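Q: I have a structure I would like to understand better, so I am pasting it below and will then ask my questions one at a time.
Any read-out appearing in this document is the output of simple, stated calculations on the displayed coordinates, not a laboratory observation. Here the structure is a predicted model, which is why all the values come from computation and not from measurement. Note that each Cβ is placed from the backbone with ideal geometry, even for glycine, and that neighbours are counted across all protein chains shown.
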Amino acid sequence: MSLVKRLTRLNLSVMASSMLLVFTLTTILLWLVVRDRQAETAEINLAQLAHNVVPMLVFNDVDTANKELSLVGNRKEVLFISLRKTNSEVFSEYAEPSFVPSTELYKPMSNQPQRVYDGVRMRLYYPVAIKGKIEGDLIMVLDLTGMLYWFLRLILMLALLITLLFSVSALMLSRVQRRALTPLLSLSNLAQRVSKEHNFQLRATVIRDDEIGILTRSFNELLKRVDISQSELRQQLEQEQQQGQQLKQMVRTDPLTKLPNRVALNQKLKEITIENSYSDTLSCLMFIDLDNFKYVNDNFGHDAGDDTLIVVGQRISAIIRSDDLLCRLGGDEFALLLPNIECTENAEKLAARIVNSINHPIVIKDTIMPIGISIGLAYTPTDASSPMDLLNCADDAMYAAKRAGKNNFQVYSK
């Protein structure tokens, strides 16, 4: 259940309870007032009647007294009226045919008017006196049923009016609360949207400068701080990822020639040997060693040697396929992995092109570097099926090229 509905139901419950309590108290108070007002009116009439019957009581005129009581008894609310003497003897009496007087009706006389309420009936006792001397009293019994019906109709109209007032108040209360809580509901919707979309750049609109406005500003400030933290964390993660990639690249890359190193070669060799063992494809590994490289370092300096290595890497890279992997193993040693070749002749033709390319003069600082190149070829899975065995076979073939006079290539043979 939403906050608006819950608050509306709570407020309506409190309002309904308050209105019901007020209605009940008002009904009781109004009934007491109406009943007392009826009693006061009856006492006034009874006082007038007492004044009229005094002569009749003094001169013992029963007939006239009977006529006087009959006139009063003709009123529909009067059930019984009796005139008594001082000795409590009934002098004259009138009663409706349906009314049967009880013995408790004839209570001892009193010098003061008295009221007795008995359900929907009311008994009045009023003394009859002349010049301060009590000559008797009047007893009247009134039926309050007619007044009760009138009172109930009045209460029903009042209840309908209160119900209408409650309905209008409930409608207005619902609208007022919805309008008052609109900023809070908007804030709740925004919080759900932020939680769902993880978009901390969203902001709530400050509608009013009250407690909800303060809450909205605080929430916006919280979103701002979270957004800044997220941005900083994202930048930090990107930097760490970039550094990780750089570190990974450094681990797998030769810093001088920028070619992949022995780590990259070993990883690729594992993949190729496993792949070739389960298929009919053929791959070739060339072990490359530069001839006379120590002479270059000793006579022209290590800088010239480094530049020579870079040029060699560039020339070989220029004539191989994009899928081929050229690596510098260290010193003047290189390795070239040719995955998925069609035949051994293709690898041997490429080895011849490499030898020919390196035999072209390499000029470093206006000086030709007197180097050559020896290459050993081994195939997988025909020569070896494991990375280390394949590398050893290619290395043996390279030394065979060295023994054959250098500056050539040789294929591994068992």
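Q: Any chance you could run the full-extension gain for residue 150 through residue 278? It's 0.36 nm times the residue separation minus the Cα-Cα distance, nm to one decimal.
A: Gain on extension, residue 150 to residue 278, equals 35.4 nm.
Q: Counting other beta carbons within 10 Å of each Cβ, put 122, 109 in order, fewest first. Mind showing how you got there, number by number?
A: Values: 122 21, 109 18.
With the sparsest Cβ surroundings first, the list reads 109, 122.
Q: While we're here: Given 10 °C and 1.306 mPa s, compute D for segment 198-252 with the Stokes-Einstein relation, Rh being the Kirkwood radius over Cα pairs; round to the nearest whole µm²/s.
A: The diffusion coefficient I find is 117 µm²/s.
Q: Also, quick follow-up: Give me a comma-separated list of calculated 3J(HN,Hα) values for segment 122-134, in order, Karplus coefficients 6.51, -1.76, 1.60 applied at θ = phi - 60°, integers in Hz, x for any Gly or Pro.
A: Per-residue couplings from phi come out as 9, 10, 10, 10, 9, x, 9, 9, 9, 6, x, 9, 6 Hz.
Q: How large is the Rg to Rh ratio of the chain when both quantities use alpha carbon positions and Rh follows Kirkwood?
A: Across the chain, the Cα-based Rg/Rh ratio is 1.80.
Q: Less than 15 Å from a label point 7 Å out along the Cα-to-Cβ axis of residue 365: which backbone N atoms in segment 259-296 qualify, by residue?
A: 296
Q: Shifting gears a bit: Suppose each label sits 7 Å from its Cα in the direction of the beta carbon; what would the residue 48-residue 323 distance come out to in nanometres?
A: It is 12.8 nm.
Q: Taking 0.36 nm per intervening residue step and subtracting the Cα-Cα distance, what contour gain separates residue 230 from residue 158 on full extension?
A: Contour length minus the Cα-Cα distance gives 19.6 nm.
Q: Next up: Grab the Cα-Cα distance for residue 195 and residue 221, subtract it from 0.36 nm times how many residues apart they are, and report the gain in nm with one decimal.
A: Values: separation 26, 0.36 × 26 = 9.36 nm, distance 1.61 nm.
That works out to 7.8 nm of additional length.
Q: Can you tell me the 0 to 90 degree angle between the C-alpha axis of helix 302-319 and the longest principal axis of the chain, rounded to 10?
A: 80 degrees
Q: A further question on this structure: Could you give me the ³J(HN,Hα) list for segment 261-277, computed from phi with Karplus coefficients 6.51, -1.76, 1.60 and θ = phi - 60°, whole Hz, x at Gly and Pro?
A: 9, 4, 4, 5, 5, 4, 5, 5, 4, 4, 5, 5, 5, 5, 5, 5, 6
Q: Follow-up question, since we're still on this one. Using a simple spin-label model with points 7 Å from Cα along the Cα→Cβ vector, what separation in nm is obtained for residue 292 and residue 404?
A: It is 2.0 nm.
Q: To continue, here is another question. Treat each spin label as a single point 7 Å out from the Cα along the C-beta direction, and report the residue 267 to residue 302 distance in nm.
A: Distance between label points: 2.8 nm.
Q: Another question about this same structure. If the cut-off is a Cα-Cα distance under 24 Å, which lysines reach residue 270, setting aside same-chain residues fewer than 8 apart in sequence?
A: Of all the lysines, those that pass the test against residue 270 - Cα under 24 Å, at least 8 places apart if same chain - are 248, 258, 414.
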